[in-house]
Structure formats: structure tokens, C-alpha cells
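Some notes on the structure that comes next.
The values are calculated or read from the model by the stated rules, or taken from the named source; none is laboratory data. A quick note: this is a predicted structure, and the numbers were derived from the prediction, not measured. Note that we place each Cβ from the backbone using ideal geometry, even for glycine, and neighbour counts take in every protein chain shown. Protein only, heavy atoms only, side chains kept; ligands, DNA and RNA dropped before computing areas. Shrake-Rupley method; radii C 1.70, N 1.55, O 1.52, S 1.80 Å.
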Amino acid sequence: MTQNTKPTALVLIFGATGDLAKRKLFPSLYNLFTKDKLGSFAVIGIARRTLTSDEFRENVKDSIKDLNGTDENLEDFVSRFHYHSHDVTDSSSYAALKKLASQLDSQYHLNENRIFYLAMAPEFFGTIAEHLKSDHLTDVSGFKRLVIEKPFGHDLSSAQHLNNQIRTAFAEEEIYRIDHYLGKEMVQNIEVIRFANAIYEPLWNNRYISNIQVTSSETLGVEERGRYYEKSGALRDMVQNHMLQMVALLAMEPPIRLTTEEIRSEKVRVLRALRDFKGEELKDYFVRGQYGKGTIDQTDLPGYREETMVDPESNTETFVAGKLMIDNFRWAGVPFYIRTGKRMQEKSTKIVIQFKDIPMNLYYETEKKVSPNLLVIHIQPEEGITLHLNAKKSGQQTEATPTKLSYANKGVNGINTPEAYEKLLFDCLRGDATNFTHWDEVALSWAFVDSISEVWEKDKEQSFPNYVSGSMGPDAADTLLEKDGFHWWPISDLDVEQC
Ligand code: NAD
């Protein structure tokens, strides 16, 4: 349940000397603090390294030095940070952690509210959760919440195993599984666009929409994450979570209320309606790719197989395109095309909703049929909405010209929208789990993704690399749509213009 008062809690960050803590968690907490959104709070940073609390506070300061805030604010903020050197696999060190937690509870009047944030490699999640229970850190009179990072398992069975472990210490409603896409302003906007506008909802079905395209492309390669990525690939790293979550938000029925339970149960219904593909059939629906050498911004870049910690004969996919069919009344016959990949032409996440052609074409663009209407939701880096319409071409009687209505989120608000992590941390502190993934969603997504990866693992693709760095993926991703009479809308032509 959401609390209206400013949240009070002890936040225990496991993995407090890591990249996520430094780049996302400390800055997000600091932004919440300077915006006066927090009640009393304290933080225990937990990691293996030996550090004093003063040294830890210096690290925290360093991570927030570029953010707005006064010196006084900064000192007050960092004084609430305490460090506990602790190997999470060492059972003996939890007693000392419990003692420190109790002491800070009393010192800061935290009502025994605790957030356990696991910013660590997933292999530790189960051990930590079990220790928190057996060493009584979760025996509190206030709330206790577990925040857990992706990846949540490697497949359905490992996710189930992990879930069983964490459920020994936390109830489902106390578990906050992060999918940071759900913290993004424009992903949250999907529901508002759909359910707060009378002009869209009547059209949001297979009578008026011909297809939906969701693209999440990166220009970066695998960077230093080769070891992790080799075992994951784009299917597990992006499709299982972010891409399917966006599809669920686009396809779900209007919830009867805007509560966590109602929204989640509508998303679950979408995932249950996803068409499953067996064996050979998969080729007609999913395409995988791996980047080879190429050039982006005049820089020559190596292929995936040349990256550090990557097998020179690796068959790991760095690109996936798929056609999802949602077999329910609303969406029967409407393909949802998704594509995601590394080292692509442009960094961009966009959703294109393509409406059906009008029944009779009276007007023409110069030498071609008028363009279909498109609604484009720009998730990142630009945030906004564009509606692509046709208007009369000046001076011509029968010629139409494409025109675009733009809403640029940043242009309207005048400030950058808060970072996804800031919003998600705040939601968790307030006890709002709407923008976190429920176990049922995780299980259904893994079941879907497993049915793809099982086929791919048997049929090792030998023709990798099959796309050039700096392109929009392999040709087969284009064919996937061409077979249905569609094409990917070029990302670079769809920019939001500042209002
Ligand atoms: P990292 O390797 O930078 O940090 C890991 C942290 O864990 C360090 O503080 C290290 O001291 C600590 N640690 C490792 N073994 C330990 C042990 N036995 N006992 C106590 N502490 C130990 O990792 P990261 O990039 O910060 O990622 C953390 C988690 O967040 C991972 O699950 C990752 O997949 C996920 N994640 C990270 C990012 C990101 O932007 N970095 C984004 C999304 C998800």
C-alpha cells in the first residue's frame, strides 16, 4: 500500500562498492533527499572490501558530486551512510550486520522499516535472502522489502529455484524485482496515452491497428560484460524482461482500477495469450543475429567474436527480432514485431503503432499511396509522442503530404525527467510495487523465452556474424516483416521535434 507521508527506512545495499550502487543508487537517493521526498533514513553499504565508514562516505560523495545540492545537504546526506565489510557467503558476519542495523534503527528512529537492496551478482541472491531470515535481520516490526536486480534466473527452472529461495524470507508482495524500463517516464506513459484519451482506446485493437513495432537498439557493443553476456545473449538480456514488459503494457486490457494487483493481472493475461512456437515454426517468427566488424561515428569497431571474454567461435546472439502473436479477441491477427540489438546504427527505444489503411484511397502522395497513420512513442533517448497524419499538399487538389504532431516530454516539462532508478527506489520506499515485475510475469516470460532458446540451442547457427556493426541488424529481420507486407519504420525518420 502506498504511504502518503515521507518514507522512513533503513536501506541496506549489498554490493555497495559496485558499479550499480555508484552510478544509480547513490545519485537516486541523493536526488530524492534534495527534493525533500525522504523522511528519516540511513544506509548501510555492504561489500567485501575493507573500508571505514568515512572512506565509504567519500565514495558516496564522489558519486554525487555533479548533482545539484548545497554543501550542507551533502554533509547531512552522507553522514547517514555507514559501511559494513562483509562477505555475504560468510555466515558469521550477519550477526554483526544485525547489530548495526538495530543500532541505526534506534539512532534514526526508523520504525524497523528495512529495504534490502541486492546490487550484486545473482548467484548471491538466494544465499543472502536465506541468511537474512536465519540471522533474524527480517524479524522486524516495520516493513521489510527485498529489491532484486536482473537477471532473475537464466531460464524458468533457475528462476523458480531462485524464487523459492527468496520466498523463504520474503512474501511475494515484499519482493521488488527491478525492470528499470518500467521506471522510464514514457514506458509509464503508455498506460496514460491509452487509457486517458478517448481518441485512442476505441482504435486500440485489430480492427484499426495493422501492426506494432517495438525497437530497442544500442550502439554500444558488449563492452566489459563479455563473461555475463556469453551466457545470456540478447534474448535473455532484453527480450525476457524489457521487451515483453513493453508489449504487455501495449496489449493489456484496461485495468478496472489503477492498483498494483489489477495492472499486473492484466499484464499476466497478455503473457498467457502469447502464441508459442514449436521447432521449425520458430524460423517464421524469430531471427537472431551477431554483430561483426563495422564503423560507427567514423570509429572502426571489432566484431562480437573479437571482444574480450568472448569465445572466438561464439554463437551467442547480440540481436533478436521477433513477431509475437497475442491470441486473444483484441489482438487476433495483429503482429507485434520486436527487435533489439547491440552495435546498431542508433541508440533508441521507440514504439510504432501503425494503423490500418483507410478503406478507399482518394488521395496520393507524389507517385505513391498516402502513408498510414502512425503513433510513435519515444522512450529513449528522446521522450515524447508523435502522431503521423496526412494533410493537403499546398496548391494541389488530390495530393496529400505527411505531417507530424509532436509532443516532446522534455520540451514541455522544461526539465529532465527523473531517472528510472530514482522513481523505482521511491516507489519501493513508499510500498508501491506496480512498476516491478510479479513472479507470475517472470515465470510466463521465461516459459516463452525458453521455448525459443531451446530450439536455438539445438540448432547452432554457423553463419555468425550476420550483421555489420552500425547497421539495423541482419537482413532476415527485414524479411520477417516483408513476408507480411510491412517494413520497419526507419528510426531516424521518426524523431520528435521540440514543441
Ligand atoms: P559490480 O561487479 O560492479 O559490483 C558487485 C558488488 O558486489 C561489489 O560491491 C562487490 O564488492 C560486491 N561483492 C561481490 N562478491 C561479494 C561477496 N562475496 N560478499 C560481499 N560483497 C560482494 O556489479 P554491478 O554492475 O554493480 O551489478 C550488480 C547487480 O546489478 C548485478 O546483478 C547486475 O546484473 C545488476 N545490474 C547492474 C547494472 C549496472 O548498471 N551496473 C544494471 C542493471 C543490472
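Could you work out what % of the accessible surface of the chain is carbon and sulfur, using a 1.4 angstrom probe and leaving DNA, RNA and ligands out of the count?
The computed percentage sits at 50.
Quick one: 3J(HN,Hα) in Hz for the range 216-225, Karplus 6.51/-1.76/1.60 with θ = phi - 60°, rounded, Gly and Pro as x.
3J(HN,Hα) across the range 216-225, in whole Hz: 10, 10, 10, 8, 5, x, 7, 6, 8, 9.
Could you state the accessible area per residue of the chain in Å², with a 1.4 Å probe and every protein chain left in place?
That works out to 45 Å² for each residue.
What shape does the chain take by its C-alpha gyration tensor, where a ≥ b ≥ c are the square roots of the eigenvalues and a/c under 1.5 counts as rounded, a/b above b/c as prolate, and the rest as oblate?
Taking the square roots of the gyration eigenvalues as a ≥ b ≥ c, the chain is prolate.
Counting Lys and Arg as +1 and Asp and Glu as -1, what is the net charge of the other residues whose Cβ lies under 14 Å from the Cβ of Thr5?
+1
What is the sum of charges around Val78, taking Lys and Arg as +1, Asp and Glu as -1, for the other residues whose C-beta is under 13 Å from the C-beta of Val78?
With Lys, Arg at +1 and Asp, Glu at -1, the neighbours total -4.
Say the dipole of the chain comes from +1 at the beta carbon of Lys and Arg and -1 at that of Asp and Glu; which of Ser451, Thr434, Tyr108 then lies farthest toward its positive end?
Farthest along the dipole direction, towards plus: Thr434.
For the range 291-326 and the range 352-426, what is the separation of their Cα centres, given in Å?
That distance is 31 Å.
Post the alpha-carbon centroid distance, the range 97-167 to the range 231-281, in whole angstrom.
When both Cα centres are located, 26 Å separates them.
Please list 3J(HN,Hα) in residue order for the range 125-131, calculated via the Karplus relation 6.51 cos²θ - 1.76 cosθ + 1.60 where θ = phi - 60°; whole Hz, with x for glycine and proline.
4, x, 4, 5, 4, 5, 5
For the range 72-137, what relative contact order do you get, as a whole percent, if you take Cα pairs closer than 8 Å and at least 6 residues apart?
Relative contact order for the range 72-137 comes out at 40 percent.
Keeping every protein chain in place, order His438, His161 by accessible area at 1.4 Å, biggest value first, i.e. largest first.
Ranking His438, His161 by accessible area, largest first, yields His161, His438.
Could you list log10 I(q)/I(0) for the range 41-97 at q = 0.16, 0.18, 0.29 Å⁻¹, which the Debye formula gives when each Cα is one point scatterer?
Relative scattering, expressed as log10 I(q)/I(0), comes to -0.53, -0.64, -1.18.
Under 21 Å Cα to Cα from Lys98, which lysines show up? Leave out anything in the same chain fewer than 8 places away.
Partners found: Lys133, Lys144.
In a shell of Cβ-Cβ distance under 12 Å around Asp478, excluding Asp478 itself, what net charge do Lys and Arg (+1) and Asp and Glu (-1) give? It would help to have the intermediate numbers written out before the result.
Numbers: positive: Arg339, Lys483; negative: Asp475, Glu482, Asp484.
With Lys, Arg at +1 and Asp, Glu at -1, the neighbours total -1.
Taking H placed 1.01 Å from N in the peptide plane, check which residues at least 5 places from Leu324 or on another chain put their amide H under 5 Å from its amide H.
So Leu324 has HN proximity to Phe336, Tyr337, Ile338.
So what's the back-of-envelope 222 nm ellipticity for the chain, counting only DSSP H runs of four-plus at -39500 (n - 2.57) apiece and dividing by all residues, rounded to 500?
Estimated from H runs of four or more residues: -9000 deg cm²/dmol.
Let a ≥ b ≥ c be the square roots of the eigenvalues of the Cα gyration tensor of the range 141-243; is it rounded (a/c under 1.5), or, if not, prolate (a/b larger than b/c) or oblate?
oblate
Sticking with the crude label model, points 7 Å out along Cα→Cβ, report the distance from Phe124 to Lys293 in nm, one decimal please.
Result for the modelled spin labels: 4.0 nm.
In sequence order, what are the phi-derived ³J(HN,Hα) couplings for the range 79-89 according to the Karplus relation 6.51 cos²θ - 1.76 cosθ + 1.60 with θ = phi - 60°, rounded to whole Hz, with x for glycine and proline?
Running phi through 6.51 cos²θ - 1.76 cosθ + 1.60 with θ = phi - 60° gives 5, 7, 8, 10, 10, 10, 7, 6, 8, 5, 8 Hz.
For the chain, take the longest principal axis of its alpha carbons; what is the angle in degrees between that and the long axis of helix 420-430, to the nearest 10 within 0 to 90?
50
Assuming a viscosity of 1.306 mPa s and a temperature of 10 °C, what translational diffusion coefficient in µm² per second does Stokes-Einstein assign to the range 1-106, Rh being the Kirkwood radius over Cα pairs?
Numbers: Rh = 14.4 Å.
Using the Kirkwood radius from Cα pairs, D works out to 111 µm²/s.
Grab the Cα-Cα distance for Lys61 and Arg272, subtract it from 0.36 nm times how many residues apart they are, and report the gain in nm with one decimal.
Values: separation 211, 0.36 × 211 = 75.96 nm, distance 4.58 nm.
The span from Lys61 to Arg272 would gain 71.4 nm if fully extended.
Would you mind checking which residues have amide H under 5 Å from Arg343's amide H? H placed 1.01 Å from N; only 5 or more apart, or other chain.
Distant-sequence amide H within range of Arg343: Glu218, Thr219, Leu220, Gly221.
Which of Lys423/Lys483; Lys6/Lys150; Lys278/Lys404; Lys24/Lys267; Lys423/Lys460; Lys323/Lys404 have a Cα-Cα distance over 31 Å? Present the calculation step by step, with values, prior to reporting the outcome.
On the way: Lys423/Lys483 41 Å; Lys6/Lys150 28 Å; Lys278/Lys404 41 Å; Lys24/Lys267 27 Å; Lys423/Lys460 41 Å; Lys323/Lys404 27 Å.
Result: Lys423/Lys483; Lys278/Lys404; Lys423/Lys460 exceed 31 Å.
Using modelled backbone amide H atoms (1.01 Å from N, in-plane), which distant-in-sequence or interchain residues come within less than 5 Å of Asn390's amide H?
When sequence neighbours closer than 5 places are left aside, the close amide H contacts are Thr403.
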